[in-house]
1. From Thr16, Thr27, Thr89, Thr12, which residue is touching a residue at least 40 places away in the same chain (Cβ under 8 Å) and either of a type in the set (Asp, Glu) or closer than 25 Å to Thr118 by Cβ (or both)?
2. What's the number of the condition Cys6 fails, among (1) in contact with a Phe, Trp or Tyr (Cβ under 9 Å, 6 or more places away or on another chain); (2) surrounded by fewer than 17 Cβ atoms within 10 Å (Cβ to Cβ); (3) closer than 17 Å to Pro82 by Cα?
3. Take segment 9-28 and flag every residue that is basic (Lys, Arg) and surrounded by fewer than 16 Cβ atoms within 10 Å (Cβ to Cβ).
4. Being among the basic types (Lys, Arg) and either within 14 Å of the chain's Cα centre (by Cα) or not in a loop (DSSP other than H, G, I, E, B) (or both) is the filter here, so list the residues in segment 71-92 that pass it.
5. Test each condition in (1) modelled with pLDDT under 95; (2) under 19 Å from Arg13 (Cα atoms); (3) assigned to a helix (DSSP H, G or I); (4) of a type outside the set (Lys, Arg) for His109 and report the one that comes out false.
6. Please determine whether any residue of segment 97-108 is loosely packed, with under 14 Cβ neighbours inside 10 Å and touching a residue at least 24 places away in the same chain (Cβ under 8 Å).
7. Conditions first: (1) surrounded by fewer than 16 Cβ atoms within 10 Å (Cβ to Cβ); (2) in contact (Cβ under 8 Å) with a residue 60 or more places away in the chain; (3) under 26 Å from Thr12 (Cβ atoms). Gly55 passes all but one, so which condition is the exception?
Amino acid sequence: MQDAICQALALTRASTARARTADITTTGRRTGRPRRIEIWFYRVGETNYLSGLPGKRSWYANLQAHPAFTFHLKNGIRADLPATARPVTDPAERRRVLRDIVDDLNQPHNPARIVQPTQLEDWVNGSPLVGIVFGHQVAPDGA
């Protein structure tokens, strides 16, 4: 099962929209109640990330207040993985990671079916971005 989980997390530019889709359960920042949503995840290098179109997102505010969450794989394999969110705030790291994500989204086969081209500067200036640390690891500062 571990191999299947690793395979599901190892997205490539050829990954389908379905393969990129997961659910996350966060803890509400105001209510403390669980909040489950469907979201896309991305892989840059050896790290998985959560992001989204520019704008304020409740899931991001929840993860800033309560970084522990559950990542639910649901396509190809079903698994509930404990995780910790590491908000990416360093400008150079944000630009590097978001450049890769935007390049992926701007592919001719348009995996997200969004208006193309989506602009890197819009994402750098307004998109949430968190690295996912799986398991019971502690998210290192600046990693």
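1. Thr16
2. Cys6 satisfies all of (1) in contact with a Phe, Trp or Tyr (Cβ under 9 Å, 6 or more places away or on another chain); (2) surrounded by fewer than 17 Cβ atoms within 10 Å (Cβ to Cβ); (3) closer than 17 Å to Pro82 by Cα except (1).
3. Once the filter is applied, which keeps residues that are basic (Lys, Arg) and surrounded by fewer than 16 Cβ atoms within 10 Å (Cβ to Cβ), segment 9-28 yields Arg13, Arg18.
4. Arg86
5. Going through (1) modelled with pLDDT under 95; (2) under 19 Å from Arg13 (Cα atoms); (3) assigned to a helix (DSSP H, G or I); (4) of a type outside the set (Lys, Arg) one by one, His109 breaks only (3).
6. Checking segment 97-108: at least one residue is loosely packed, with under 14 Cβ neighbours inside 10 Å and touching a residue at least 24 places away in the same chain (Cβ under 8 Å).
7. Checking Gly55 against (1) surrounded by fewer than 16 Cβ atoms within 10 Å (Cβ to Cβ); (2) in contact (Cβ under 8 Å) with a residue 60 or more places away in the chain; (3) under 26 Å from Thr12 (Cβ atoms), the one that fails is (3).
The values are calculated or read from the model by the stated rules, or taken from the named source; none is laboratory data. Quick caveat, the model's predicted, so the values are computed rather than measured. Don't worry about glycine lacking a Cβ; one is built from the backbone with ideal geometry, like all the others, and counts go over all protein chains shown.
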